[in-house]
Amino acid sequence: MQLLQESLAQARLGSRRPARLLMPSQLVSQVGKELLRLAYSEPCGLRGALLDVCVEQGKSCHSVGQLALDPSLVPTFQLTLVLRLDSRLWPKIQGLFSSANSPFLPGFSQSLTLSTGFRVIKKKLYSSEQLLIEEC
């Protein structure tokens with residue numbers, strides 16, 4: 001989860017400027033449990049995963065990174081984590097209060113909060129099994 005949060009901290013959503021993506025603690029817990037559950041039946045567990053991280057923004061989906069959870073292993077399955085931006089009012093207007101010259105977030109033009117809803121797509125890399133899509 002630490003690698004995931006670091007990747008989200010440097011995300012780029014359709015622009016050249018980074019946007020800090022904030023994960024609510026409830027989301028961190030839910031995602032961690034779901035990834036472990038999906039990796040349970042795999043030969044190397046979660047260590048054998050290649051994790052693609054995407055964020056839905058409106059009708060489009062932006063890739064924010066790909067993580068090899070254990071770079072010393074050849075991945076045996078791929079997990080695509082699709083996160084959603086929070087659609088409540090505050091996250092929509094908080095960008096009005098942040099600026100590129102903010103002393104609190106140097107280098108970040110905006111800080112965006114993620115919703116607690118997400119989707120995970122599991123694909124085995126060396127098997128003909130069908131895709132498994134979990135929505136939480």
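The values are calculated or read from the model by the stated rules, or taken from the named source; none is laboratory data. As the structure is a prediction and not an experimental result, all values here were calculated from the model. Backbone-built Cβ (ideal geometry, glycine too); neighbour counts: all protein chains shown. Accessible surface areas use protein heavy atoms only, side chains included; no ligands, DNA or RNA. Shrake-Rupley method; radii C 1.70, N 1.55, O 1.52, S 1.80 Å.
Things worth noting here:
- Filtered by the rule that a residue be closer than 17 Å to Arg20 by Cβ and aliphatic (A, V, I, L, M), region 49-66 gives Val53, Val55, Val64.
- Subset of region 30-76 (residues that are in contact (Cβ under 8 Å) with a residue 24 or more places away in the chain, open to solvent by 40 Å² or more (accessible area, probe 1.4 Å) and closer than 24 Å to Thr116 by Cα): Gln30, Glu56, Gln57, Ser60, His62, Leu69
- Strands (runs of 3 or more DSSP E) contained entirely in region 25-136, each with at least 3 residues that are modelled with pLDDT of 85 or more, within 21 Å of Met1 (Cα to Cα) and within 14 Å of the chain's Cα centre (by Cα): 49-57, 60-68, 77-85, 110-124
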